[in-house]
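Participant: Take a look at this one; I'll ask things after.
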Amino acid sequence: MKAWLPVSYSSAVKDKPISVKLLGEHLVIWRDKGSVRCLLDLCIHRGVALSLGSICDGNIVCPYHGWRYRGDGKCTLIPQLEDQCKIPPKAKIKSYKVQEKFGIVWVAVDEPLYDLPDIPEFSDSSWRAVETGPFPWKANSARQVENFTDFAHFPFVHPELLGDPERPFVPPHTVTRKDNILYYEIIRPEASNTEEFPIFGNPNQEKPMRHNRYQLILPYTIFLRVGWPGSSNGMIYFFTSQPVSENECIGYCVILKNYGEDYSETLKKFEDLIFSQDQIIVESQRPEQVPYDLSEELHLKFDAVAVAYRKAMGESY
């Protein structure tokens, strides 16, 4: 897949190798002088998982025979050889491009068609960021993404939390596409704040509304700006899904807000609840993969985002 794909929060990658799985492939990531490296998680010698090993001078060390590999995959030490100049050229492992952005580690298994976007709020001190999850599901990444951007389910899956069961109507909205990004916005009914989760910035607690501006970045990332009519308060949801395999994914959700107290733990607890409610629903969906042939499921006018997403994915990925 020719895209940058998430594999971990940056904060989780420290002084030990980490095993990650992407598109069915086992990879290993670690830090070398502050930068994250990524290799196939497989020693060329006897096929042992390098993620079981250690780090020495920025190189990853195989736990079986002590072979060392640097970030580009080249073997730098075979302890059993008297002359290290005789390390064979074949002693090399496939390496992958890596970058860190939005507090997330991204890996490219193929040359990406597009760069990751720039989001100025991530470098603005007036916006406070909270990492929630990760959220591992037994589901396809496209299913996880579609659910995140589905307006119609809020009153039924998340009543009194994200949606109002008395106001299930989905207002009209239009989706446009430029390159690998779908753009759309909607002002929709929102649930009122509760005592347990006083996190939203809507000043109107009587039938509140929220203004959502979305960028759905193909294949598996969503950037959402949330605002409220009559208020300067704002929230940002940055969500991306790691395609572990065809029927496994891991969601990462970073939330930024520019108002109120530090509700970090409350936000984490809130998203744990929301994602657990969604997980039950999405893991039950059949077929497991999103059908990009639009004739296979019934679509109505309020499914405009799903229709646009499926068309774009079918054409591009």
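The values are calculated or read from the model by the stated rules, or taken from the named source; none is laboratory data. What you are looking at is a predicted structure, and each value in this text was computed from that prediction instead of being measured. FYI the Cβ positions are ideal-geometry reconstructions off the backbone, even for glycines, and counts take in every protein chain you see.
Let's see how each residue does on (1) part of a strand (DSSP E or B); (2) farther than 27 Å from G103 by Cα; (3) touching a Gly at 6+ places or on another chain (Cβ under 9 Å):
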{"site": "C249", "(1), (2), (3)": "yes, no, no"}
{"site": "K268", "(1), (2), (3)": "no, no, yes"}
{"site": "I274", "(1), (2), (3)": "no, no, no"}
{"site": "Q277", "(1), (2), (3)": "no, no, no"}
{"site": "H299", "(1), (2), (3)": "no, yes, no"}
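Participant: Is there a residue in the stretch 129-143 that is out of contact with any Gly (no Cβ under 9 Å at 6 or more places or on another chain) and on the phi > 0 side of the Ramachandran plot?
Facilitator: So far as the stretch 129-143 goes, no, none of its residues is out of contact with any Gly (no Cβ under 9 Å at 6 or more places or on another chain) and on the phi > 0 side of the Ramachandran plot.
Participant: Which ones in the stretch 254-266 are over 17 Å from the mean Cα position of the chain (by Cα) and either on the phi < 0 side of the Ramachandran plot or of a type in the set (D, E) (or both)?
Facilitator: Those that are over 17 Å from the mean Cα position of the chain (by Cα) and either on the phi < 0 side of the Ramachandran plot or of a type in the set (D, E) (or both): K257, N258, Y259, E261, D262, Y263, S264, E265, T266.
Participant: Spot the failing condition for F102; the list is (1) within 20 Å of C249 (Cβ to Cβ); (2) in the same structural domain as E190 (by TED's automatic domain parsing); (3) buried (at least 18 other Cβ atoms within 10 Å of the Cβ), and only one is missed.
Facilitator: Exception for F102: condition (2).
Participant: Checking S241 against (1) without any contact (Cβ under 8 Å) to a residue 60 or more places away in the chain; (2) part of a strand (DSSP E or B); (3) in contact with a Phe, Trp or Tyr (Cβ under 7 Å, 6 or more places away or on another chain); (4) buried (at least 19 other Cβ atoms within 10 Å of the Cβ), which single condition isn't satisfied?
Facilitator: (1)
Participant: Being surrounded by 16 or more Cβ atoms within 10 Å (Cβ to Cβ), within 13 Å of the chain's Cα centre (by Cα) and more than 20 Å from G234 (Cα to Cα) is the requirement here; does V107 meet it? Step through it out loud before you land on a result.
Facilitator: Details: surrounded by 16 or more Cβ atoms within 10 Å (Cβ to Cβ): yes; within 13 Å of the chain's Cα centre (by Cα): yes; more than 20 Å from G234 (Cα to Cα): yes.
Answer is yes for this residue.
Participant: Residues of the stretch 208-247 being of a type in the set (S, T, N, Q) and modelled with pLDDT of 95 or more, which ones?
Facilitator: Q215, T221, T240, S241, Q242, S245, N247
Participant: Test S141 against the criterion of being crowded, with 17+ Cβ neighbours inside 10 Å and of a type in the set (S, T, N, Q), and give yes or no.
Facilitator: On the way: crowded, with 17+ Cβ neighbours inside 10 Å: yes; of a type in the set (S, T, N, Q): yes.
Criteria met by S141.
Participant: Follow-up question, since we're still on this one. Tell me which residues, restricted to the stretch 59-86, are modelled with pLDDT under 95 and either closer than 19 Å to S35 by Cα or aliphatic (A, V, I, L, M) (or both).
Facilitator: Selection gives L81 alone.
Participant: Scan the stretch 10-24 and report the pairs whose first residue is on the phi > 0 side of the Ramachandran plot and whose second residue is of a type in the set (S, T, Y) and not in a helix (DSSP H, G or I), with Cβ atoms within less than 8 Å and a gap of 6+ or a chain change.
Facilitator: Cβ pairs passing all conditions: L23/S245; G24/S245.
Participant: Please enumerate the residues belonging to the stretch 123-154 that are touching a residue at least 40 places away in the same chain (Cβ under 8 Å) and either of a type in the set (G, A, S) or not assigned by TED's automatic domain parsing to the domain that holds T266 (or both).
Facilitator: S126, A129, G133, A139, S141, A142, A152 - these are the residues of the stretch 123-154 that are touching a residue at least 40 places away in the same chain (Cβ under 8 Å) and either of a type in the set (G, A, S) or not assigned by TED's automatic domain parsing to the domain that holds T266 (or both).
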